[in-house]
Each structure stands twice: as C-alpha cells, then as structure tokens.
Amino acid sequence: AFKKSLPFWLTSIFILIYFRIDTVMLSIMKNYEMVGWYNAAYKALDAFYFIPGAVIAAVFPVMSRFHVENKGHLKLLYKKSFYYLFAIALPMGIGITMLASRIIHFVYKEAFAESIPALKILIWAEVFIFVSAITGYLLNSINQQRLFTYSTAFCAALNIGLNFIAIPKYGHIGASITTVITEGMNFLLLFYFTNRKGYSIPSLSWMLKPVIATVAMAVVVYYTQAYHLLLIIIFSALAYFAALFAVKGIHKEDINTVKEIIY
C-alpha cells in the first residue's frame, strides 16, 4: 500500500515545492518588499484554485471506476472535463490580464502597483493549472501516477533552476515568468503522456468556440472600462456566456451526458 501511495505523496511534495519555492528565493535573493508585491498578485489568484479542485473531486473517483469498467466513458468524461475547464480558464486569463490594474488598485490600493505586471503574468500559470490538473489526475485514474510524479519532479527542478537565473535580474517579474513556464511545461509533459496512452484532448473545432466567446468578452471589457470593476466583471461574464451559447459552445446535452456518466 505504501509503495502504491508513494507517487501521490511525491507528486504533492513536488507541486508544493514549485508553488512556494519562488517566494523563499525572492526573500533570500531580493527583499521582503518584492515578496509582498509577488504575494499580492499570487493571492489574487487563490480564489480560483477551488474550481479545478472541485471538478477533480467530482470526476476522479468516476474516472478511476471507468478505467476498469468503460474506457469509452472515461475518454468522453476526460474530454468534457478538459473542455469546460479550458472554457473557464481562457476568459479568466484574458479578463484578468485586461483588468489587472483595476483589480490590484481595488484590492490593495496604490501601494501595490508593482503587483500589476506580476498579476498579468501569473494569471497564465493559473490557466495552465486548470487544464493540467485534470490531465494529471487522468494519469492517476489509469494507474499511471508515476508519470504525473515524473512531470512534477522535472518541473520542480526546472522552477528552481529558472528562478536562480531570473530572480537576481528581474525580481518578482522573473519569478512570475518562471511560474508560467513551469506550469506550461507541466501541462505539455502531461499532455504528451496522456496522448501516448490514448487519451486525447477535444478537437480544435471544440476549442475554437471558447476562443470566439472570449473575443466577444474582451470587446465588452474594453468598452466598459469607465464602469465600476464589479459591473465590468458582470457585463463581461454575461457577454462571454451569451457568446458561448450563440456559437453552440455549451449544450444542455453535454450537462445531461456528464450527469448520466457520473451518476
């Protein structure tokens, strides 16, 4: 039992390392003021971490069961989960990039203006986290958890190495870029592993629909800059989901199919 659980423990440790080591390295190589700027941007993202976590909590036990009972249902559930996480992550990335200045000033005021460029960069690490989380847990569900461990181990080492290069020269901005590179590499490795095991992501035509809806949302964000931040968020969210429905990027049948599969 311990031998089987070891990859899960190691994966958690490696993820924790490359999530938190940048703050430690910033405090050693730079100063605590810069750590504060970095953490302010990082904390602005914490509210979104529950979304992929909630999806994984719902689908992982079912994915593990389907690995034994019905691999066709497993492939379908993986594709649907990946698609909808991407459909949430992409507009989140674009929206926060466009509104980073407003968000930082709203939450932290002028003292944390240096956090704005960090937030614009770090949000793209969050986008990668959304899609890599479901991909990593697919490997866990098909008893290939060691591949998830290999990926996170490599990324932990990569993160530390890049931080040694980036932080002395670029400070918290360098740490932010390193975080995005690390999460991007983790996704690419996990995508490679799952694809080799016969589990592909949704087709390009599927993925274009959230892209189109995100463009519509970005237009609304651009033309509502004079409004209060909360109103901008509401209007842009409504525009996104209206556009996604219009291009048939979300279907009632999808929701019913997932419910039938899970239950």
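Looking at this structure, is Phe241 open to solvent by 20 Å² or more (accessible area, probe 1.4 Å), in a helix (DSSP H, G or I) and within 16 Å of Tyr83 (Cβ to Cβ)? Against the criterion (open to solvent by 20 Å² or more (accessible area, probe 1.4 Å), in a helix (DSSP H, G or I) and within 16 Å of Tyr83 (Cβ to Cβ)), Phe241 qualifies. The single condition from (1) of a type in the set (Phe, Trp, Tyr); (2) buried (at least 20 other Cβ atoms within 10 Å of the Cβ); (3) over 22 Å from Ala239 (Cα atoms) that Phe60 fails is (2). Annotation note: Cβ proximity below 9 Å between a residue of the stretch 207-224 that is open to solvent by 70 Å² or more (accessible area, probe 1.4 Å) and a residue that is in a helix (DSSP H, G or I) (sequence gap 6+ or interchain) occurs for Ile212/Ala243; Ile212/Leu244; Ile212/Ala246; Val215/Ile94; Val215/Ala243; Val219/Ala239; Tyr222/Met98.
When the stretch 104-116 is filtered for residues that are touching a Leu at 6+ places or on another chain (Cβ under 9 Å) and either surrounded by fewer than 20 Cβ atoms within 10 Å (Cβ to Cβ) or modelled with pLDDT of 95 or more (or both), the ones remaining, listed by number, are His105, Phe106. Selection of first residues in the stretch 126-145 that are in contact (Cβ under 8 Å) with a residue 40 or more places away in the chain and within 14 Å of Ala89 (Cα to Cα) and of second residues that are among the polar types (S, T, N, Q) and crowded, with 23+ Cβ neighbours inside 10 Å, restricted to Cβ pairs under 6 Å at least 6 apart or on distinct chains, gives the following pairs, ordered by first then second residue: Ser132/Asn186; Ile134/Ser81.
Close Cβ contacts (under 8 Å, 6 or more residues apart or on different chains) running from residues in the stretch 77-103 that are without any contact (Cβ under 8 Å) to a residue 40 or more places away in the chain to residues that are part of a helix (DSSP H, G or I) and among the aromatic types (Phe, Trp, Tyr) comprise Gly93/Trp124; Thr97/Trp124. Restricting attention to the stretch 85-103, the residues that are surrounded by fewer than 22 Cβ atoms within 10 Å (Cβ to Cβ) and touching a Pro at 6+ places or on another chain (Cβ under 9 Å) add up to 4.
Here Val55 fulfils each of the conditions (1) among the β-branched types (Val, Ile, Thr); (2) open to solvent by 60 Å² or more (accessible area, probe 1.4 Å); (3) under 22 Å from Leu139 (Cβ atoms) apart from (2).
The values are calculated or read from the model by the stated rules, or taken from the named source; none is laboratory data. Nothing here was measured: the structure is a model prediction, and the numbers come from that model. We place every Cβ from the backbone using ideal geometry, glycine too, and count neighbours over all the protein chains shown. Areas reflect the complete protein model, heavy atoms only, side chains present, ligands, DNA and RNA absent. Shrake-Rupley method; radii C 1.70, N 1.55, O 1.52, S 1.80 Å.
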